[in-house]
1. Assign one of three labels to the range A:110-173, namely rounded, prolate or oblate, based on the Cα gyration tensor with a ≥ b ≥ c the square roots of its eigenvalues; rounded applies when a/c is under 1.5, prolate when it is not and a/b is larger than b/c, and oblate otherwise.
2. Restrict the search to the range B:130-231; then list the trypsin sites (Lys or Arg not before Pro) that DSSP places in a loop and that have at most 14 other Cβ atoms within 10 Å of their Cβ.
3. Which parts of the range B:83-117 would a label at B:E54 reach, counting a residue when its backbone N lies under 14 Å from a point 7 Å out along Cα-to-Cβ?
4. In whole Hz, with x marking every Gly and Pro, tabulate ³J(HN,Hα) for the range A:133-142 from phi via Karplus 6.51 cos²θ - 1.76 cosθ + 1.60, θ = phi - 60°.
5. For the range B:136-222, build the convex hull from the C-alpha positions and give me its volume per residue in Å³.
6. Given the C-alpha centroids of the range B:94-134 and the range A:28-60, what is the distance between them in whole angstrom?
7. With N set to the residue count of the protein assembly as shown, report its C-alpha Rg divided by 2.2 N^0.38 Å to two decimal places.
8. Could you tell me the calculated FRET efficiency between B:T116 and A:K135, based on Cβ-Cβ distance and R0 = 51 angstrom, to the nearest 0.05?
Number of protein chains: 2
Amino acid sequence: MDKSQSKKSRDTEKKVESAAGRRFRQIYEEIRSRISLLEYPPGSRLSEEALADEFGVSRTPLRRVLFRLQSEGLLESVQGVGTIVTDISNDDLYQVYQLRMELAPLLARLSPLPITDETIAQFEDLYHQSEELIKKPTAHGYCVVNIATFHALANLTANAPLRKAMELHFYQTASIWLKSLGEDDVSQECRNLHHELRDFYHAARIRDVDALSHLWRAHTSASATRLRQKLGG
Amino acid sequence: MDKSQSKKSRDTEKKVESAAGRRFRQIYEEIRSRISLLEYPPGSRLSEEALADEFGVSRTPLRRVLFRLQSEGLLESVQGVGTIVTDISNDDLYQVYQLRMELAPLLARLSPLPITDETIAQFEDLYHQSEELIKKPTAHGYCVVNIATFHALANLTANAPLRKAMELHFYQTASIWLKSLGEDDVSQECRNLHHELRDFYHAARIRDVDALSHLWRAHTSASATRLRQKLGG
DNA sequence: TAGGATTTGTGCGTATGTATT
DNA sequence: TAATACATACGCACAAATCCT
């Protein structure tokens with residue numbers, strides 16, 4: 001192997017994304033979105049060929065996306081069987097929730113970003129969205145607001161590794177969360193989400209990241225408890 | 001997409017690893033080991049074809065391994081250029097260390113495992129290995145003991161997601177750690193590692209996971225501080 | 001500026017494993 | 001039990017991008 005250091009072309013440092021890289025990211029985010037929005041519910045089977053045709057690429061680059069989702073625990077591929085959306089066990093689910101509860105407070109400890117007016121407006125908007133959600137509760141609408149809320153919170157730290165870890169474990173549990181609930185519970189969870197966002201919005205208005213992070217932890221803990229009571233831990 | 005649940009073949013539940021899966025893991029661990037042991041130092045270039053020939057497979061399954069290492073931040077591939085071992089920036093390095101410091105105490109909070117006689121023997125062995133290391137300090141020997149120590153610590157929690165997160169961020173910094181140091185510093189770092197292992201061994205003997213986890217955090221913090229002083233933060 | 005050498009990215013045919021009939 | 005259908009895994013040839021002369 002060549003061990004020479006590359007010491008050239010430090011001129012731009014612009015991090016331009018290659019065409020292949022952009023295409024990868026778009027397909028990746030689309031499929032992950034479909035999983036987290038329950039369009040591909042846990043246990044469902046995906047077809048490499050069908051997805052490749054849909055996105056207008058061959059199986060090769062598409063498989064690269066599936067490998068990534070597989071390494072993140074969202075998919076499982078078995079030769080001769082197919083690619084299945086991971087249906088995480090209850091025990092594994094609790095473990096991920098335990099870790100998420102510990103990661104939440106780190107938002108205010110590791111390179112917290114100052115809360116801007118845009119951030120406050122963002123939480124206000126999400127708060128209003130959750131209000132609409134109560135009037136017309138749907139699993140899809142809940143997931144949309146829930147995911148947007150996560151990203152609003154995760155963007156409050158400048159620590160990239162922490163943000164990535166939070167994202168990884170959020171998406172591992174995002175899809176399974178609603179799957180375990182009935183139609184009545186969806187309505188109840190929408191109200192819970194509304195209360196969460198009211199707390200988040202108030203903490204954001206006084207620009208208190210520490211309060212925000214611990215509210216996040218508290219609500220994550222409450223979600224885990226409701227899940228445990230529902231599934232019987 | 002087929003959304004039918006798979007409700008069959010729950011008989012064995014043995015999680016037998018497929019031939020492809022086993023080969024993937026072996027190649028993956030071998031290449032990651034070479035990176036973390038500085039056989040492939042940061043900035044060096046890897047050849048897909050050469051590695052494929054060495055492991056007796058085609059480029060396709062080998063690229064799957066490189067994709068995984070790429071997603072974990074250990075490699076970076078650019079079309080027309082090659083696959084380069086990631087040379088993490090100082091700022092990113094500090095961010096990973098910050099997160100590692102926060103993850104360490106979770107060892108005793110999230111599903112800690114009881115310390116067995118085998119665990120104690122393991123730390124005793126590592127302690128003696130570090131003693132030998134001082135007599136004949138080498139970068140390679142340091143890395144071997146350092147990596148083994150990490151796994152001994154990480155195995156003390158039954159929380160798989162936490163263990164995976166610790167592993168990810170450890171290997172992201174394992175290779176870069178010694179790269180920044182001169183020959184004199186290697187000798188000094190071997191002595192530091194010896195002191196760490198003395199502490200770890202004593203805490204293990206009294207079966208105190210909490211002490212162990214906070215000693216780990218303390219030594220990780222000290223490493224980050226020495227690194228900052230060396231590189232100028 | 002241009003062109004050739006080298007490397008990763010892509011497309012596709014085939015091999016291999018699984019489940020069903 | 002055997003054969004068939006169908007899924008992912010693999011190998012190889014070619015396209016596209018970059019670097020160097």
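Read-outs throughout are calculated quantities, based only on the coordinates presented, and are distinct from any laboratory measurement. Bear in mind that the values here come from a model prediction, so they are computed numbers and not experimental data. Ideal geometry is used to build each Cβ from the backbone, glycine not excepted, and the neighbour counts take in all protein chains shown.
1. Judged from the Cα gyration tensor, the range A:110-173 comes out oblate (a/c at least 1.5, b/c at or above a/b).
2. B:R207
3. Correct set: B:83-85.
4. In residue order, the calculated couplings are 4, 5, 5, 9, x, 9, 4, 4, x, 4 Hz.
5. 91
6. 40
7. 1.03
8. 0.35
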